[in-house]
Amino acid sequence: MSEKKTKTEKEPKKKKNCKCGTYIGGQAVLEGVMMMGKTCMATAVRDPDGAVQIEAKRIKRSDALKTASKIPLVRGVVNLVSSLVRGIKTLSRSAAVYGDEDDEAEPGKIQKWFVEKFKISLMDIVTGLGMFIGVLLAVGIFFVLPNYLVGLLTGAFPEVFDNRMGGLWSGLILGGIKLIIFLAYLGLILLLKDIRRLYRYHGAEHKTINAYENGVELVPEKVAECSRIHDRCGTSFLFIVLFINIIVYSVIRWACYINVIENNVLQYFAGLGLEIALLPVIAGVAYEVLKLLAKYDNGFVRALKAPGMLLQKYLTTREPDEKMIEVAIAAFNKVLEMDADETVAETVFVTSGILSKMLDETKKKFAAKEIDESDAEWIYSIVLGIRRSDLKNERTVKPSESKRISEIVEQRLNGRPLWYIIGDTEFCNCRIKVDERALIPRPETEMLADITIRSVEDNDKVLDMCTGSGCIAVAVAKACKGRGVSVTAADVSDAAIMLAKENANLNSVDVNFVVSDLFKNVHGRYNIIVCNPPYIKSTEIPYLQREVREHEPRVALDGGEDGLDFYRRLASEVKSYLTKDGMLIMECGEGQTTEILQIFPRRDYAIVLKDLAGVERFLKIVF
């Protein structure tokens, strides 16, 4: 049978590089890019530490706004106002990532007063004032100044402009002045280094959207090859607004014959007011034109798009580096993720803030997860380098401090114990390193160490059984330094012994460490044996706090069916390792002391001691 294909059996045509449009648009911000989708917006910023932070918010629109955004002409005005408000807020938020990081500078009296009195930072006030002044300057430069110049011109040549055609000419001249100011403004701000960098992020935004629309993989090296020019750019929109403004206002001036004369204040403000009043209408028309142009690609449409494209190419975009593109991709991908899945949580930037507000917010988060609010206080106290009692004194938390707090809070909310996150803790005037290799020292353990230290005499030999992090052994060795006291520490866990050795080195003390299952590898006799053995019942471990059962070593918690297994093992061997009149000091679980004393019937005497809560917690047994 022939292998040849008939004419009807044609090979399927290979598709050319497919271009798929996207609803996602963007905006360059300080050291980053904002992308907006159908249901959310995400702003990615590279912070001073080089990390990419993402703030993602769900877009909440009222029913009226949703309806208005679908009506032709009206939707242009709605989108213009929304974009302006959103743009200002986004720029402000990106700037907040770069708050005052001058660690040496002492806040001034005015700044302290604002923080304490109004719970707002001076930076917030300066930002708001800056935006207000910016709006005034924009009105002055693009509305008041052009009308004033036309007024001067028409006043100087009344014979030329004092007729209906003069109204048309004044409108065209007004438009020409606006165009010159617009182009001059875009050119002059390029002299600013920060603006040039902003335009590079603008280029990164366009490249990312172009890459997605052309089916290019969103990785920096491939996105970098795409164009930094896009036909839906805001620059093109502004030019179309300006162009339509020139036509519409010139026609109205001709039809209505509004002559702006320098000495006629009423006519001057009438013309200025009309121009501002027409701006929403012009914006609505410009939006529809831009949407229409984006749907087609032919010679005529390309000619109409050309001015906006040229402005992008030579003024408002610059070539980004791959790190900038990485930021734009992060924002774009976040929008795709959130639009596809409404359960994806919002995120916020880590910025400076007011201490009391930040602490209260953290406590609320902890309360929702049933985490003790004291953990929040410890986090702020440690990061800010102040006492917990001083947290009531209002101050501004710097971005670097806020970032560290946020990192710790996130780990804590995920269930990791606070002191594992911090990495060390204070224990009996010692700095003790803590991690998942051993239990975190509790206040009761500190009391056990203190009882032991007060029981030690000169030249005694002390054994710390089940040493864990080595906190008791290290505390005893440090407190008894110079008294001829020797300290040995034993634990069944190699990892725990490694951690204990690190703590001995950290505190510059000599301790003899032994890996041993209780007394298996221990030799000699000791004046004091101190032990904090596992004493939690096996059946109770699943009901312990999440951070304890999921992160702290079970071998250091599980005391068997009744929690007393290790006490029985101690009772069977301890006398062979104690000197005459030697002492065993132990920590016990709540309600266990009576049963434990029954396990040690052969003793000279025993003392039961209580913890700070009044619970019988410690036993001193002398043999």
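Laboratory data are not the source of any read-out in this text; all were calculated from the coordinates shown. As the structure is a prediction and not an experimental result, all values here were calculated from the model. Because the Cβ atoms are built from the backbone with ideal geometry, glycine has one as well, and the counts that use them run over all protein chains shown.
Per residue of region 53-63, what does 6.51 cos²θ - 1.76 cosθ + 1.60 with θ = phi - 60° give for ³J(HN,Hα)? Whole Hz please, x for Gly and Pro, Karplus curve as stated.
9, 10, 10, 10, 10, 6, 8, 10, 10, 6, 4
To the nearest 10 degrees, how steep is helix 145-156 against the longest Cα principal axis of the chain, on a 0 to 90 scale?
Compared with the principal axis, the helix lies near 20 degrees.
State, to one decimal in nm², a quarter of the convex hull surface area for the C-alpha atoms of region 546-602, i.e. the direction-averaged projected area. Walk me through the numbers on the way to the answer.
Details: hull surface 19.9 nm².
Result: 5.0 nm².
Looking at the chain, what % of the alpha carbon pairs are farther apart than 48 Å?
On the way: 82118 of 193753 pairs.
Of the Cα pairs, 42 percent sit more than 48 Å apart.
How big is the equivalent ellipsoid of region 428-568 along its three axes, where each semi-axis is √(5λ) from the Cα gyration tensor, reported in whole Å from largest to smallest?
Working: eigenvalues 125, 52, 37 Å².
Over the Cα atoms of region 428-568, the semi-axes work out to 25, 16, 14 Å.
As I understand it, the value is the acute angle between the Cα axis of helix 164-188 and the longest principal axis of the Cα atoms of the chain; what does it come to in degrees, rounded to 10?
Tilt of helix 164-188: around 30 degrees.
What's the angle, to the nearest 10 degrees (0 to 90), between helix 109-118's Cα axis and the longest principal axis of the chain?
Between helix and principal axis, roughly 90 degrees.
So which of 369/501; 478/520; 364/398 end up more than 31 Å apart, counting from Cα to Cα? Write out the running numbers ahead of the final one.
Working: 369/501 35 Å; 478/520 27 Å; 364/398 21 Å.
Where the Cα-Cα span goes over 31 Å, the pairs concerned are 369/501.
What FRET efficiency do you get for residue 59 and residue 301 if R0 is 22 Å and r is their Cβ-Cβ distance, rounded to the nearest 0.05? Could the numbers behind the result be given before it?
Working: r = 30 Å, r/R0 = 1.37.
Result of the calculation: an efficiency of 0.15.
Between region 371-412 and region 305-327, what is the C-alpha centre distance in whole Å?
If we compute the Cα centre of each part, the gap is 41 Å.
Quickly work out the residue 594-to-residue 450 label distance, labels modelled 7 Å from Cα along the C-beta direction, and quote it in nm with one decimal.
Placing both labels 7 Å along Cα→Cβ, they lie 2.8 nm apart.
Roughly what percent of Cα-Cα pairs across region 529-623 reach past 17 Å? Display every interim value, and only then the final one.
Working: 2287 of 4465 pairs.
Counting every Cα pair in region 529-623, those more than 17 Å apart make up 51 percent.
State the dimensionless ratio Rg/Rh of region 290-437 (Rg: radius of gyration of Cα atoms; Rh: Kirkwood radius). Mind dumping the intermediate values first?
Values: Rg = 24.2 Å, Rh = 19.9 Å.
Ratio value, two decimals: 1.22.
So what is the 222 nm mean residue ellipticity for the chain from helices alone, if each DSSP H run of at least 4 adds -39500 (n - 2.57) and you divide by all residues, rounding to the nearest 500 deg cm²/dmol?
Values: 23 runs with 312 residues, N = 623.
Value at 222 nm, helices only: -16000 deg cm²/dmol.
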